[in-house]
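Okay, so here's the structure we're looking at.
The values are calculated or read from the model by the stated rules, or taken from the named source; none is laboratory data. From a predicted model like this one, the values you see are computed outputs, not experimental measurements. Note: ideal-geometry Cβ built from the backbone for every residue, glycine included; neighbour counts use all protein chains shown. Calculation scope for accessible area: heavy atoms of the full protein, side chains included, ligands and nucleic acids excluded. Shrake-Rupley method; radii C 1.70, N 1.55, O 1.52, S 1.80 Å.
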Amino acid sequence: MKLGILGGGQLARMLALAAYPLGIHTECFDSNPKACASEVTNLRVAEFTDEAALSEFLAEVDCVTFETENIPLSCAEFILKTKPLYPSTKALEVTQDRLYEKYFLKSLDLPTPEFLSVKTEAELIQAVSNLGLPAVLKTRRFGYDGKGQYMIRTPDDISKSWVHLQTQPLILEEFISFKTELSLITARNKNGETCFYPLVQNYHMKGILRSSEAPFNHAELVLEAQKYAIKILDALQYVGVLTIEFFYDGKNLIINEVAPRVHNSGHWTIEGAYTSQFENHLRAIYNLPLGSTEAIGYSYLLNCISEMLPINACLQVPGTHFHMYGKEPQPNRKLGHITLVDTNAERYQNSKKILSGMIST
Ligand code: AMP
């Protein structure tokens, strides 16, 4: 078995590492020659639009997946002429554009923040007057880790946000005053076998995931989130891992985003669940039985952003695991993560306190 992975960042790297024990070889495809998956697997360096390079890549692999939703649809269609691609092109199409994603969720009767499409400054002013303030202006495409978005708090921010983002198609979203953010990671194989990880509670800083904790135990919310997931999986004829990010306002779950891939908020599953999200993604696309998603204990995931935490100090904390992605440090770049897993609640809380004390806020 040889799997082609579009994208060669840390998600591809962790997929490649999970593939080895299953006897699955991997090859990544990325335009960045320094893509960090290259430390652990083959990397082919070319643009997603380079059909000659894609053809050579396809000759090497039996199946293709992706670590990012920012794949041109023309690339997905080209691949499908010769090799299977999982998840579906429809999943790519819907999730790579925030506006299409919201229309899609609405068509399934699923809750999202109110939103309006914005193409001109006049439309922005109108949209703000319809949705009220605060509101969040976002690029429809290519936004990640808080990039491509602007929080509009006061009328003065309207023109500032426009200057900042005007070159791209935009969407204005109602601001959700959430109590917390949650995510659900789910996997489905080609037979339709479906599994769900426990709900994860997420903490963002400046739009970037800082830390996650699992399991978030709330029986009703778990059922609600799973019900929403099944609708999405069915509608997208989905195969692979799918992640849904939610706002929870204390009463309802509201879907923020859907990611057709393994997700940062699921990195704790490497040590904190019986089967990691990476392994279950591979099992799903090769139509193998899915593994248990049960949590082993309490898990805390801490992202290393802009700089790594010192390995020695981290590993002195009981139950801690260290992951470095091999990337060059840059401001606001995710360079690695730390996962704490413990079955003892008291010790877990102590260790979590020590680890969270190591980061500058
Ligand atoms: P996103 O890239 O859309 O996932 O946004 C990154 C983070 O910004 C989210 O996880 C939230 O913390 C915050 N955010 C984005 N959209 C909204 C919204 N409509 N209301 C409140 N907070 C938001």
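Quick rundown of the values:
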| quantity | calculated |
| --- | --- |
| Residue check for Ser129: within 15 Å of the ligand (Cβ to nearest atom) and either touching a residue at least 60 places away in the same chain (Cβ under 8 Å) or assigned to a helix (DSSP H, G or I) (or both) | no |
| Residue that is surrounded by fewer than 19 Cβ atoms within 10 Å (Cβ to Cβ) and under 23 Å from Phe175 (Cβ atoms), where the choices are Ile208, Ile255 | Ile208 |
| Tally, over segment 141-169, of residues that are at positive phi and out of contact with any Phe, Trp or Tyr (no Cβ under 9 Å at 6 or more places or on another chain) | 3 |
| Residue list for segment 314-337, restricted to those being under 22 Å from Lys34 (Cα atoms) and polar (S, T, N, Q) | Gln330, Asn332 |
| Candidate set from segment 216-227 (those that are part of a helix (DSSP H, G or I) and not charged (D, E, K, R)); member that is most open to solvent (accessible area, probe 1.4 Å) | Leu223 |
| Contacts under 7 angstrom Cβ, first residue in segment 228-239 being closer than 14 Å to Asn189 by Cβ and part of a helix (DSSP H, G or I), partner open to solvent by less than 30 Å² (accessible area, probe 1.4 Å) and hydroxyl-bearing (Ser, Thr, Tyr), 6 or more apart | Leu233/Thr186 |
| Within segment 142-167, considering residues that are more than 25 Å from the chain's Cα centre (by Cα) and of a type in the set (A, V, I, L, M), the one surrounded by the most Cβ atoms within 10 Å (Cβ to Cβ) | Ile158 |
| Test: residue in segment 170-178 that is in a helix (DSSP H, G or I) and either open to solvent by 10 Å² or more (accessible area, probe 1.4 Å) or among the basic types (Lys, Arg) (or both) | no |
| Members of segment 1-30 found to be under 15 Å from Ala284 (Cβ atoms) and outside any helix (DSSP H, G or I), listed by number | Met1, Leu3, Ile5, Ile24 |
| Residue among Tyr144, Tyr150 that alone is within 16 Å of the ligand (Cβ to nearest atom), without any contact (Cβ under 8 Å) to a residue 12 or more places away in the chain and outside any helix (DSSP H, G or I) | Tyr144 |
| Condition met for His267 (touching a His at 6+ places or on another chain (Cβ under 7 Å) and touching a residue at least 60 places away in the same chain (Cβ under 8 Å)) | yes |
| Which numbered condition Gln168 fails, given (1) farther than 30 Å from Gly240 by Cα; (2) within 10 Å of the ligand (Cβ to nearest atom) | (2) |
| Qualifying position, being in contact with a helix residue (DSSP H, G or I) (Cβ under 9 Å, 6 or more places away or on another chain), within 16 Å of the ligand (Cβ to nearest atom) and closer than 22 Å to Pro21 by Cβ, among Arg261, Arg283 | Arg261 |
| Qualifying residue in segment 30-52 (condition: within 18 Å of Thr82 (Cβ to Cβ), open to solvent by less than 30 Å² (accessible area, probe 1.4 Å) and touching a Lys or Arg at 6+ places or on another chain (Cβ under 8 Å)) | no |
| Test for Glu101: is it of a type in the set (D, E, K, R) and within 27 Å of Trp162 (Cβ to Cβ) | yes |
